[in-house]
Structure formats: structure tokens, C-alpha cells
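> One structure follows; several queries about it will come next.
The values are calculated or read from the model by the stated rules, or taken from the named source; none is laboratory data. All values reported here derive from a predicted model rather than from experimental measurement. Here Cβ is always computed from backbone atoms with ideal geometry, including for glycine, and neighbour counts include all displayed protein chains. In case anyone asks, the SASA skips ligands and DNA or RNA and just uses the protein heavy atoms, side chains included. Shrake-Rupley method; radii C 1.70, N 1.55, O 1.52, S 1.80 Å.
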Amino acid sequence: MQPYLEMSTEELQALRKQLIAQYREYQGRDLRLDMSRGKPSVDQLDLSMGMMDVLSSDSDLTCEDGTDCRNYGGLTGIGEAKELIGDMMEVAPDNIIIYGNSSLNVMFDTVSRSMTHGVMGFTPWCKLDKVKFLCPVPGYDRHFAIMEYFGIEMINVPMGADGPDIDMVEKLVAEDESIKGIWCVPKYSNPTGTSYSDATVRRLARLKPAAPDFRIYWDNAYGIHHLYDDEQDHLIEILAECKRAGNPDLVYKFSSTSKISFPGSGIAAIAASQNNLEDITKQLRFQTIGHDKVNQLRHVRFFGNIHGMVEHMRKHADILRPKFEAVEEILARELDGLEIGSWTSPKGGYFISFDSMEGCAKAIVGLCKKAGLVMTKAGATYPYGRDPRDTNIRIAPSYPPLSDLKLAMELFSLCVKLVSVRKILEDRGEGQQLSVQS
């Protein structure tokens with residue numbers, strides 16, 4: 001296909017009329033398509049329904065160490081759950097605290113505790129003049145929302161094929177003691193699907209921050225969320241690497257079963273050094289007498305062990321893989337060669353990242369919405385909702401049925417074309433007649 005920028009103004013104007021006619025046809029369908037969040041589909045949720053049957057009123061709810069899961073206690077989680085989640089997170093059970101149903105809640109608590117009581121005896125952040133975090137972009141909007149809630153200044157760090165710009169990270173943390181952390185989604189990142197290279201992980205583990213209370217917030221949300229058996233990204237285990245580098249306390253590692261069992265009814269965990277765990281446990285003793293041990297036991301008995309969990313994730317992959325492949329096939333068919341957009345091809349996770357021509361993302365998402373397709377808000381993948389170039393759009397293929405997803409991506413591709421043509425014509429001074437309605 002001919003790149004749009006190489007087409008004459010007359011050719012673009014004729015093309016635009018064709019695209020508007022196609023867009024109006026979509027508007028006439030009264031579509032209601034939703035790709036706004038990376039939610040598991042109904043078919044994926046059905047995979048875990050057997051979890052409802054592993055415990056009953058006749059079940060023995062006693063753990064191997066004699067703990068009665070019906071009663072108080074077990075502040076840091078039952079042993080069987082620590083072993084299961086430890087295998088999932090690739091850390092020893094002794095380095096795990098099991099929480100409730102949400103890793104986002106654990107991350108929020110971790111920031112909140114640092115604000116009010118500091119990190120391992122250092123000055124509480126609320127008493128400091130300035131607190132900053134490094135935020136690889138595009139990134140996860142809910143990380144940024146936590147920062148904004150606490151009034152923490154966010155600094156954009158560009159993401160590349162190997163992870164965040166590590167030269168920039170090393171320089172900033174070494175020079176500025178007000179920088180207290182960096183957010184990382186290191187495997188199948190949200191939204192790019194990028195996995196950090198070995199070199200990036202090793203350099204992160206060897207950071208020399210000016211702030212002694214600096215921490216890497218390692219949100220390994222997609223650690224076992226592969227799409228393919230024979231093509232998988234591999235990630236160096238960060239806790240072991242930090243210990244090897246002489247920085248054992250540098251990292252908090254978060255994970256959960258939210259996209260493995262039931263979102264909102266899974267189990268979440270933090271893995272960290274013993275020093276960090278002792279600091280965290282001081283808060284926990286005031287916050288709770290123990291999280292939901294019955295749910296922890298339910299997960300253990302449903303999965304059995306990490307091998308059962310891996311087999312379960314293969315079933316998820318069988319549902320997700322055709323959806324990711326459909327997105328990439330339609331984008332390639334509709335947009336390849338036009339030079340008006342680029343997209344990632346992840347081997348796992350939940351998202352595909354799309355970059356439009358500069359200044360077009362908001363208009364594309366807005367046009368989709370007018371035709372009945374709701375997507376993640378443009379700008380959401382950047383702190384404060386501000387994408388400085390207005391290019392990035394997060395595509396979330398998981399939730400819609402495959403037939404709806406294909407329709408949604410055809411509409412999305414049409415909107416990309418229409419907005420791109422309009423942008424080029426505007427740049428050529430042809431902006432007086434460029435509403436979709438004209």
C-alpha cells in the first residue's frame with residue numbers, strides 16, 4: 001500500500017470521502033463494543049469455576065502445620081499458599097507475605113506506609129519537601145493514579161525494546177535523593193508487552209540511588225501469562241539479582257492471581273528481603289489479624305502446585321492467543337505500508353500498544369467512541385493522563401468475544417486512517433473542510 005504522506009492532496013481528499021462513507025456505515029450499526037480495560041473474558045473466568053467446588057462444609061480446612069483456616073491468625077499467610085505463590089514468583093516461601101485479593105491494594109499500602117512511617121526507619125515521605133518517582137512510559141495508569149493520589153511527582157522515563165532507558169534511570173537516581181522509587185512492569189509490560197532484557201535487570205539491581213530509602217516497585221503482574229509454549233520471554237529474578245549485587249533491600253516484588261483465577265477474588269503477595277518484610281509486618285500487625293486463609297487454601301487445593309497453575313495458564317493462552325493474533329492480522333492487513341501507525345507484537349500479557357501519527361491518538365479514540373467502540377482513554381498510559389506527543393493507544397483484546405474483537409479492530413483501523421488523512425491534510429493547509437460530517 002502507498003504511504004499516505006506520499007499521496008497527493010487530491011488523492012487524500014478522495015480517499016477521505018471513501019473513509020467517511022465507511023465510518024457512517026459503522027455508525028449506523030448502533031455498535032456497543034468495549035475494549036477499555038484488560039479484563040478476562042467470560043470464557044476465561046469459566047476456567048476457574050472448579051475452585052467453587054474444592055471446599056465444602058465437609059472439607060477439612062486445616063493446613064499442614066495445624067492452622068485452622070476458619071479462625072484468626074496466620075498474619076503473613078498459610079505455608080501452602082506461600083509455597084505456591086513463591087513458585088509462581090520464583091522466590092523462596094520465607095520471602096513472601098500473602099495478602100488479600102489485590103496486588104494494587106498491596107502497592108497502595110506500600111506507598112501509604114512509606115508516606116506516613118517511612119521506609120525502614122528513614123524519614124516519612126510526608127515530612128519531606130519533595131517526593132518523586134520514575135515512571136516508564138507508556139505504562140500502567142493505576143500506578144500513576146496512586147502517585148497522583150499521594151501528590152508524588154512523576155518523572156517520565158521512555159520505554160524501549162529492553163525496558164526503561166536505563167542510562168537515564170541510573171543518572172537520575174544517583175543525582176536526586178528526592179527520587180524514592182521506580183515503577184516497573186518487567187514482563188509483558190502494560191501496555192507495550194515488552195520484557196526487560198537481562199542487562200536492564202542487572203543494571204537496575206546495581207543502582208546506586210542517592211536516597212537510602214529508594215525502592216524498585218517490581219509489579220510482575222504477567223509472570224506466567226504466556227501466549228505460546230515455544231516462544232516465551234524470560235526474566236532474571238530480581239530479588240536474587242539484587243542480593244547478588246549487594247543490594248538485597250532494593251526491591252519490592254508484587255504479584256497476584258487476579259488474571260489466573262478470579263479477578264477481585266484471587267490472592268496477592270509481596271516478596272522482599274527479610275529487612276523489608278520485618279518493616280512491612282510492623283504495619284500488618286495493626287492493620288489486620290490475617291487475610292482470607294480460606295481463599296488461600298482454596299487456591300492451593302484447586303491448583304495443587306505450580307505445575308497445575310502452569311497447565312491452567314495454557315488454557316488461558318488458548319483463549320487469548322487467537323485474539324492477539326486477530327488484532328495483529330487486522331492491523332497488518334489494514335495499515336501495513338501506510339506509515340500512519342505502529343504496534344507491538346507481544347508474546348504474552350494482556351495488551352498491545354499502538355502508536356499513531358503525532359497528535360492523533362485522542363482523535364482516534366474519540367472517533368471510535370462515536371461509532372460505538374470504547375477504548376482506554378488516550379493519554380492514560382502516561383502520568384497525569386498527558387501523552388506529550390498524543391500518539392499512544394492501549395489495545396486490550398482479552399474481554400470481547402472474538403467476533404466482536406475483529407469488528408472492533410476493523411473499526412479502529414478505519415478511525416486510524418480517517419484521523420491520519422485529516423492530520424496530513426491539515427498539515428498541508430487543507431483544514432477548512434475536515435469534519436467527519438463534511
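> Which one, 376, 344, 116, has the greatest fluctuation when you compute a Gaussian network model over the chain with C-alpha springs under 10 angstrom?
116
> Report, to the nearest 10°, how far helix 79-89 tilts away from the longest principal axis of the Cα atoms in the chain, using its own Cα long axis and a range of 0 to 90°.
40 degrees
> Here's another thing I want to ask about it. Among 286, 184, 413, whose Cα lies farthest out toward the positive end of the dipole of the chain, if unit charges sit on the beta carbon of Lys, Arg (+1) and Asp, Glu (-1)?
Highest projection toward the positive end goes to 286.
> For residue 160, list long-range residues whose amide hydrogen, built 1.01 Å from N in the peptide plane, is under 5 Å from its own amide hydrogen.
It is 165, by chain and number.
> Going down the list 130/259; 130/253; 259/423, which pairs span over 27 Å between their C-alpha atoms?
Check vs 27 Å cut-off fails for 130/259; 259/423.
> What ³J(HN,Hα) values, in whole Hz, does the Karplus curve 6.51 cos²θ - 1.76 cosθ + 1.60 give for region 110-119 when θ = phi - 60°, with x put for Gly and Pro?
5, 5, 4, 4, 5, 5, 8, 10, x, 10
> For the peptides 249-255, 186-192, what is the packing order when you average, over each peptide's residues, the other Cβ atoms within 10 Å and list the highest mean first?
Details: 249-255: 23.9, 186-192: 26.3.
Answer by packing, highest mean first, reads 186-192, 249-255.
> State in Å² the accessible area per residue of region 279-340; use a 1.4 Å probe, count heavy atoms of protein chains only, and round to the nearest integer. Walk me through the numbers before you get to the answer.
Working: 2910 Å² over 62 residues.
Here the residues of region 279-340 average 47 Å² of exposed surface.
> Let me ask you something else. Normalised by the number of residues in the chain, what is the relative contact order in percent for Cα pairs under 8 Å and 6+ residues apart?
Numbers: 798 pairs, mean separation 109.6, N = 438.
Relative CO of the chain lands at 25 percent.
> Taking Cα pairs under 8 Å and at least six residues apart, what relative contact order does region 214-281 come out at, in percent? Let's see the in-between values first.
Working: 74 pairs, mean separation 21.1, N = 68.
Relative contact order comes out at 31 percent.
> Among rounded, prolate and oblate, which fits region 18-142 when a ≥ b ≥ c are the square roots of the eigenvalues of its C-alpha gyration tensor, a/c under 1.5 means rounded, and a/b larger than b/c means prolate?
Values: a/c = 3.18, a/b = 1.29, b/c = 2.47.
Oblate, since a/c reaches 1.5 and b/c is not below a/b.
> Another question, then. Which one, 25, 90, 339, has the greatest fluctuation when you compute a Gaussian network model over the chain with C-alpha springs under 10 angstrom?
Its mean-square fluctuation being the largest, the pick is 25.
> Report the Cα centroid-to-centroid distance between region 37-97 and region 329-371 in angstrom, as an integer.
Answer, in whole Å: 38.
> HN-Hα J couplings of region 228-245 from phi, Karplus 6.51/-1.76/1.60, θ = phi - 60°, integer Hz, Gly and Pro as x?
These are the phi-based 3J(HN,Hα) values: 10, 6, 9, 9, 9, 7, 10, 10, 5, 6, 6, 4, 5, 5, 5, 5, 4, 8 Hz.
> Further question on the same structure: Which one, 106, 120, 194, is farthest towards the positive end of the dipole of region 72-220 when Lys and Arg carry +1 and Asp and Glu -1 on their Cβ?
Highest projection toward the positive end goes to 120.
> Report the one residue of 374, 255, 225 whose Cα lies farthest in the direction of the positive end of the charge dipole of the chain (charges on C-beta: Lys and Arg +1, Asp and Glu -1; origin at the Cα centre).
My answer, from the dipole projection, is 374.
> As I understand it, the value is the acute angle between the Cα axis of helix 361-370 and the longest principal axis of the Cα atoms of the chain; what does it come to in degrees, rounded to 10?
It works out to around 80 degrees.
> Counting only other residues whose beta carbon sits under 11 Å from that of residue 342, what net charge do I get with K and R as +1, D and E as -1?
Details: positive: none; negative: 336, 339, 355.
Neighbour charge sum, excluding residue 342 itself: -3.
> Which of rounded, prolate or oblate describes region 192-288 when judged by the alpha-carbon gyration tensor and an a/c cut-off of 1.5?
Oblate.
> Give the long-range amide H neighbours of residue 255: residues separated by 5 or more places, or on another chain, with amide H under 5 Å away, using H modelled in the peptide plane at 1.01 Å from N.
Residues meeting the criterion, in which the H sits 1.01 Å from N, are 269.
> Now for a different question. Quick one: with all protein chains in place, what share of the accessible area of region 320-438 is carbon or sulfur, to the nearest percent (1.4 Å probe)? It would help to have the intermediate numbers written out before the result.
Details: 2120 of 4510 Å².
The nonpolar share, carbon plus sulfur, comes to 47 percent.
> Along region 207-213, what does the Karplus equation 6.51 cos²θ - 1.76 cosθ + 1.60 (θ = phi - 60°) give for ³J(HN,Hα), rounded to whole Hz, x for Gly and Pro?
So the J values, rounded to whole Hz, are 4, 10, x, 5, 8, x, 9.
> Something else about it: In Å², what does the accessible area per residue of region 1-160 work out to with a 1.4 Å probe?
Details: 8170 Å² over 160 residues.
I get 51 Å² per residue for region 1-160.
> I'd like to check one number: the per residue accessible area of region 183-254, probe 1.4 Å, reported in Å² as a whole number.
Details: 2410 Å² over 72 residues.
Accessible area per residue, region 183-254: 33 Å².
> Which one, (1) 19.7; (2) 22.9; (3) 21.4, gives mean projected area of the Cα convex hull in nm² as derived from the coordinates shown?
Matching the structure shown: (2).
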